[in-house]
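The values are calculated or read from the model by the stated rules, or taken from the named source; none is laboratory data. This one's a predicted model, so the numbers in the text were calculated from it and none came from an experiment. Because the Cβ atoms are built from the backbone with ideal geometry, glycine has one as well, and the counts that use them run over all protein chains shown.
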Amino acid sequence: MTRPPIIETRGLSKTFGGLVALDEVDFQVEEGSITALIGPNGAGKTTLFNCLTGIYPPTRGHIVLRRPRGAGEPPLKTALNNLRPDQVTALGLARTFQNIRLFNNLTVLENVLIGCHTRMKAGLWGALMRTRQTRAEERAMAEFSIELLEKYGLGAAANDLAKNLPYGDQRRLEIIRALATGPRLLLLDEPAAGLNIAETGALDDLIRLIRERENLSILLIEHDMNLVMSVSEKVWVMEYGRLIAAGAPEEVKNDPVVIRAYLGEE
């Protein structure tokens, strides 16, 4: 049964001078799904991520996020077009990056605490005056962060510097930090990049576990076709800024258009 979309774009376009990076893209991620976005380098995948998360403003088109309201009420539709990245994060979108962006000289725990900023209510005055409410909130966020690290396999490394983690654990930490923001939609930009076979298998397990435990939707850009075909329920394919195919992994895998454009043919 088709699930309602948590996010969708209509006629989304992004140009950089004379370069058309996104060309009238109609795209959606279903609520509770694991969705993959694939395509050759330069197809526009990361540009789409950057538009969804507020890093780039679209040139044309619309991005709509659907948020639940009370029982029996229709979902609240929020336009994301002109929002800043922090505002988009506060609405429930979190992302990782193709090139890991950790605070290398901070501890693993401190990196996760940074991700908790959207959950904190203390303002500038509370932070300066160190009020009782601020201190209590900081203790609660520290406990939450430690629980999150233990939940996803990095509890023992909480006090280690992020730069000292093995590469696969750095990828894991970046995902955990994104989870600390409390997302409804988690966007992973090439999470398997640089991982060996064993680490990619662990990532496959982690993605499934996160969806199950956190009850969220996941959208990933990925070049590792084994991971894509294993973990995703729907695959969208881009080429030259346009969507050229969408469907279940097996359908996309056998689509002649996709084979010619991306997967290759003998």
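Within the set Ile210, Ile221, Ile244, the sole residue that is out of contact with any Gly (no Cβ under 9 Å at 6 or more places or on another chain) and among the β-branched types (Val, Ile, Thr) turns out to be Ile210.
For the stretch 186-206, residues that are in contact (Cβ under 8 Å) with a residue 40 or more places away in the chain and surrounded by 22 or more Cβ atoms within 10 Å (Cβ to Cβ) total 4. Filtering the stretch 208-246 to residues that are in contact with a strand residue (DSSP E or B) (Cβ under 6 Å, 6 or more places away or on another chain), part of a helix (DSSP H, G or I) and within 15 Å of Gly32 (Cα to Cα) leaves Arg211, Val231.
So Ala90 ticks every box in (1) in contact with a strand residue (DSSP E or B) (Cβ under 6 Å, 6 or more places away or on another chain); (2) farther than 27 Å from Ala261 by Cα but one. Which box is left unticked? So Ala90 meets the others, but not (1).
The number of residues in the stretch 149-172 being part of a helix (DSSP H, G or I) and touching a helix residue (DSSP H, G or I) at 6+ places or on another chain (Cβ under 6 Å) comes to 5.
Within the stretch 186-202, if we keep just the residues that are part of a loop (DSSP other than H, G, I, E, B) and over 13 Å from Ala36 (Cβ atoms), the residue that is nearest to the chain's Cα centre (by Cα) turns out to be Ala193.
The strands (runs of 3 or more DSSP E) falling completely within the stretch 9-121 that include 1 or more residues that are without any contact (Cβ under 8 Å) to a residue 60 or more places away in the chain and of a type in the set (Ser, Thr, Tyr) map to 76-79.
The residues listed here are Thr35, Thr53; of these, the one that is out of contact with any Asp or Glu (no Cβ under 9 Å at 6 or more places or on another chain), surrounded by 15 or more Cβ atoms within 10 Å (Cβ to Cβ) and closer than 22 Å to Gln98 by Cα is Thr53.
Could you tell me whether Ile6 is assigned by TED's automatic domain parsing to the domain that holds Arg211 and surrounded by 22 or more Cβ atoms within 10 Å (Cβ to Cβ)? Here the answer is yes, as Ile6 does meet what is asked.
In the stretch 41-48, the condition of being surrounded by 19 or more Cβ atoms within 10 Å (Cβ to Cβ), outside the structural domain of Leu173 (by TED's automatic domain parsing) and in contact with a Cys (Cβ under 8 Å, 6 or more places away or on another chain) is met by no residue.
Filtering Val252, Val257 for residues that are buried (at least 21 other Cβ atoms within 10 Å of the Cβ), in contact (Cβ under 8 Å) with a residue 12 or more places away in the chain, out of contact with any Lys or Arg (no Cβ under 7 Å at 6 or more places or on another chain) and not in a strand (DSSP E or B) leaves a single hit, Val252. Checking each residue in the stretch 217-238 for being under 20 Å from Arg10 (Cβ atoms) and of a type outside the set (A, V, I, L, M, F, W, C) picks out Ser217, Lys234.
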